[in-house]
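Written out below as structure tokens is the structure these notes cover.
A short reminder: the numbers here are calculations on the coordinates, not readings from a lab. Only a predicted model underlies this, so the values are computations on that prediction, with no experimental measurement involved. With ideal geometry, Cβ positions are generated from the backbone for all residues, glycine too; neighbour counts draw on all protein chains shown.
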Amino acid sequence: MGIKELDVTFSKIYKKIENSNNTPIIDLMEDLLENETQYIFDLFFNEVSKEEKQKYSPIVDLSK
């Protein structure tokens, strides 16, 4: 697993928000993308702290 999985994941998210004016989600996505690739990968596919998981849960939920 790696970059390809993140591409697929973010493609799903983008399709759900592309015509949205949901500023909080867009801001949260921008905040998430400021992180290292490994951190983003871990958030979706591995264990991260409960606080981090909760912070980005709206984005993670969009990936499902």
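Brief remarks follow.
For (1) of a type outside the set (S, T, N, Q); (2) loosely packed, with under 11 Cβ neighbours inside 10 Å; (3) under 10 Å from the mean Cα position of the chain (by Cα), each residue gets a yes or a no:
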{"site": "9", "(1), (2), (3)": "no, no, yes"}
{"site": "22", "(1), (2), (3)": "no, no, no"}
{"site": "26", "(1), (2), (3)": "yes, no, no"}
{"site": "39", "(1), (2), (3)": "yes, no, no"}
{"site": "45", "(1), (2), (3)": "yes, no, no"}
{"site": "60", "(1), (2), (3)": "yes, no, yes"}
{"site": "64", "(1), (2), (3)": "yes, yes, no"}
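- Taking the criterion of being outside any helix (DSSP H, G or I) and touching a residue at least 40 places away in the same chain (Cβ under 8 Å), the only residue of region 1-21 that qualifies is 1.
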